[in-house]
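The values are calculated or read from the model by the stated rules, or taken from the named source; none is laboratory data. Predicted model, so just to flag it, every value in this text is computed and none were measured. Neighbour counts run over all protein chains shown; Cβ positions are idealised from the backbone, glycine included.
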């Protein structure tokens, strides 16, 4: 794991700046899925299983144009992983340090956020799931289970290092500044594999379409904005 950290060191400055900016001081946003303040506290509607999407107005060294899969969100804080920040590091590069066995799997490792954390795989193998994110999609962080997954090379999947985290009330505060859009996560978005179409642009359009449909009380809107 130390080798993985070393391989990602060129991004250290960016991660430091991202950590500073994630405090909300340079954020701007709406708050569709965050309840209003009640008796001095924030009543939280969980965003677990949603995509947290950087709004076009968000200017941040790391979080600009990011799409984050939310893994947990409650009164204690929130955690998610960025889906669209691939590194040049592969599973084969880190296997000797992260696992007992080596592998030649040339699967890219994605940078999940500015907070240092364990290696994780997002996948669809139920028997090796540690946490269900949405029906049919799970995460695994345990080393033994990860080794099994690496040997099986499941597809679709995402291998992620680090995560994005918020303390109690921090994410809710960022919704006061138009920083984020939200959209229910789907298997297609989580494992987006079309290099010719930008994931962030796609989900921004989908989120904006969903917001407009809700405002206009339109019941049927294509899930893929390209069909509009």
For this session: Among the candidates 70, 1, single out the residue that is in contact with a strand residue (DSSP E or B) (Cβ under 9 Å, 6 or more places away or on another chain), under 26 Å from residue 149 (Cα atoms) and at pLDDT below 95.
Result: 1
For this session: Of the conditions (1) over 17 Å from residue 147 (Cα atoms); (2) surrounded by 15 or more Cβ atoms within 10 Å (Cβ to Cβ), residue 91 clears all except one; give me its number.
Result: (1)
Problem set entry | Condition broken by residue 197, with the remaining ones in (1) within 22 Å of residue 109 (Cα to Cα); (2) at pLDDT below 95 satisfied | (2)
Problem set entry | Tally, over the stretch 64-87, of residues that are in a loop (DSSP other than H, G, I, E, B) and on the phi > 0 side of the Ramachandran plot | 1
Problem set entry | Residues satisfying the stated conditions in the stretch 118-138, i.e. within 22 Å of residue 88 (Cα to Cα) and at pLDDT 95 or above | 119, 120, 121, 122, 123
For this session: Out of the residues in the stretch 57-67 that are modelled with pLDDT of 95 or more and surrounded by fewer than 20 Cβ atoms within 10 Å (Cβ to Cβ), state the one that is nearest to residue 136 (Cα to Cα).
Result: 65
Exercise. Considering the stretch 73-86 alone, what residues qualify as being surrounded by fewer than 17 Cβ atoms within 10 Å (Cβ to Cβ) and either out of contact with any helix residue (DSSP H, G or I) (no Cβ under 8 Å at 6 or more places or on another chain) or within 15 Å of residue 119 (Cβ to Cβ) (or both)?
Worked result: 74, 75, 76, 86
Exercise. Can you find a residue in the stretch 166-184 that is surrounded by fewer than 14 Cβ atoms within 10 Å (Cβ to Cβ) and out of contact with any strand residue (DSSP E or B) (no Cβ under 8 Å at 6 or more places or on another chain)?
Worked result: no
For this session: Kindly establish whether residue 121 is without any contact (Cβ under 8 Å) to a residue 40 or more places away in the chain and in contact with a helix residue (DSSP H, G or I) (Cβ under 6 Å, 6 or more places away or on another chain).
Result: yes
